[in-house]
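First up is the structure itself, then whatever we jot down about it.
The values are calculated or read from the model by the stated rules, or taken from the named source; none is laboratory data. Everything quoted here is computed from the prediction, not taken from an experiment. Because the Cβ atoms are built from the backbone with ideal geometry, glycine has one as well, and the counts that use them run over all protein chains shown.
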Amino acid sequence: MATYEFQSTLFRTERDMLDAIAGEWVSAGGANDRETMLEALAELTDEQLAAECVSAWGLDQPASEDAAETWMEKRGIDEADIGLAFGRLRQDFDAHFPAEESEEAEEDQDA
């Protein structure tokens with residue numbers, strides 16, 4: 001049975017974990033503003049975003065020399081699953097990253 005864990009957070013479902021991966025990647029851990037995230041989604045396909053994410057984070061590599069499975073294998077997912085999560089993020093971007101939160105954060109930085 002796979003455990004749905006990402007960045008030391010346990011998720012109830014595989015989908016929740018995958019959606020967290022896509023959100024974390026496109027937001028760069030909160031460093032990207034809303035405009036930057038929308039630009040990335042406009043410039044790259046879901047498959048390209050997934051490939052970049054997997055490669056940069058080494059999700060397709062064993063965690064250590066002794067590990068028999070990759071991070072993705074241990075969780076029973078593959079790059080296509082992550083691509084689908086980017087598609088869901090793209091489709092419902094405002095629910096994941098509401099405009100109001102972005103505007104309030106910018107106002108706080110300007111103060």
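Tabulated data for the structure shown
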read-out	value
All positions within the range 22-41 that are of a type in the set (A, V, I, L, M, F, W, C) and either assigned to a helix (DSSP H, G or I) or in contact with a Ser or Thr (Cβ under 6 Å, 6 or more places away or on another chain) (or both)	ALA22, TRP25, VAL26, ALA28, MET37, LEU38, ALA40, LEU41
Filter result for GLU39 (modelled with pLDDT under 95, surrounded by fewer than 18 Cβ atoms within 10 Å (Cβ to Cβ) and more than 14 Å from the chain's Cα centre (by Cα))	no
Residue tally, condition touching a residue at least 60 places away in the same chain (Cβ under 8 Å) and assigned to a helix (DSSP H, G or I), over the range 1-16	2
Selected residue (criterion: modelled with the highest pLDDT) from residues of the range 64-75 that are out of contact with any strand residue (DSSP E or B) (no Cβ under 8 Å at 6 or more places or on another chain) and surrounded by fewer than 14 Cβ atoms within 10 Å (Cβ to Cβ)	ASP66
Of all residues making up the range 76-101, the number that are surrounded by 13 or more Cβ atoms within 10 Å (Cβ to Cβ) and acidic (Asp, Glu)	3
Residue count for the range 1-36, restricted to those that are crowded, with 16+ Cβ neighbours inside 10 Å and in contact with a Leu (Cβ under 9 Å, 6 or more places away or on another chain)	11
Selection count, the range 17-44, where residues are touching a residue at least 24 places away in the same chain (Cβ under 8 Å) and not acidic (Asp, Glu)	12
Pair list, Cβ under 6 Å, 6 or more apart: the range 52-64 residue in contact (Cβ under 8 Å) with a residue 12 or more places away in the chain, other residue assigned to a helix (DSSP H, G or I) and of a type outside the set (A, V, I, L, M)	CYS53/TRP25; VAL54/GLU79; LEU59/TRP71
The range 42-61, subset part of a loop (DSSP other than H, G, I, E, B) and in contact with a helix residue (DSSP H, G or I) (Cβ under 7 Å, 6 or more places away or on another chain), residue surrounded by the most Cβ atoms within 10 Å (Cβ to Cβ)	LEU59
